[in-house]
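K.L.:
What follows is a single structure, and I will ask about it in a moment.
The values are calculated or read from the model by the stated rules, or taken from the named source; none is laboratory data. Only a predicted model underlies this, so the values are computations on that prediction, with no experimental measurement involved. Using ideal geometry, Cβ is built from the backbone for each residue, glycine included, and neighbour counts are taken over all protein chains shown. These area figures cover heavy atoms from the full protein model, side chains too; ligands, DNA and RNA do not enter into them. Shrake-Rupley method; radii C 1.70, N 1.55, O 1.52, S 1.80 Å.
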Amino acid sequence: MDIAKSDIVKSAAGRDKGQFFFVLETEGDFLLLADGRKRRLECPKRKKRKHVEFVPASQSAAAEKIRCGENITNRELRKALAVFGETGNPDQEG
């Protein structure tokens, strides 16, 4: 499945492995990702498509805002991603 703007993805590689992100933009083989916490809208993460996994998710208000190009807040991103549980690595303690 092709990953598009406003989709939810899970990082499959790197130090953010296991975390969920919204796709803000697509740039060829790269995606601009934000989660509203560590990677905020002001400074999105640039990551290769092959290093993320598509997450089939229901439509959320945050996804609709991203798709339509409306203003969205980091808080809205965090709330929408909260349904996926803790975004940290479950093997880490602390």
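K.L.:
Considering only the range 70-94, how many residues are over 12 Å from the mean Cα position of the chain (by Cα) and at pLDDT below 90?
P.N.:
Total meeting the criteria: 10.
K.L.:
Select from the range 32-75 the residues that are hydrophobic (A, V, I, L, M, F, W, C) and open to solvent by 50 Å² or more (accessible area, probe 1.4 Å) and write down the one among them that is nearest to residue 18 (Cα to Cα). Even if it seems obvious, please write down each step before you answer.
P.N.:
Of all residues in the range 32-75, those hydrophobic (A, V, I, L, M, F, W, C) come to 32-34, 41, 43, 52, 54-55, 57, 61-63, 66, 68, 72.
Now drop any that are not open to solvent by 50 Å² or more (accessible area, probe 1.4 Å), which leaves 43, 54, 61, 68.
Details: 43: 20, 54: 12, 61: 23, 68: 27 Å.
Checked the range 32-75; the qualifying residue nearest to residue 18 (Cα to Cα) is 54.
K.L.:
What are the residues in the range 10-31 that are open to solvent by 50 Å² or more (accessible area, probe 1.4 Å) and in contact with a Phe, Trp or Tyr (Cβ under 9 Å, 6 or more places away or on another chain), if any? Reasoning before the result, please.
P.N.:
The initial filter retains those residues of the range 10-31 that are open to solvent by 50 Å² or more (accessible area, probe 1.4 Å), namely 10, 14-15, 17, 25-30.
10, the sole residue that qualifies.
K.L.:
For the subset of the range 1-33 comprising residues that are touching a residue at least 40 places away in the same chain (Cβ under 8 Å) and polar (S, T, N, Q), which member is nearest to residue 84 (Cα to Cα)?
P.N.:
Checked the range 1-33; the qualifying residue nearest to residue 84 (Cα to Cα) is 19.
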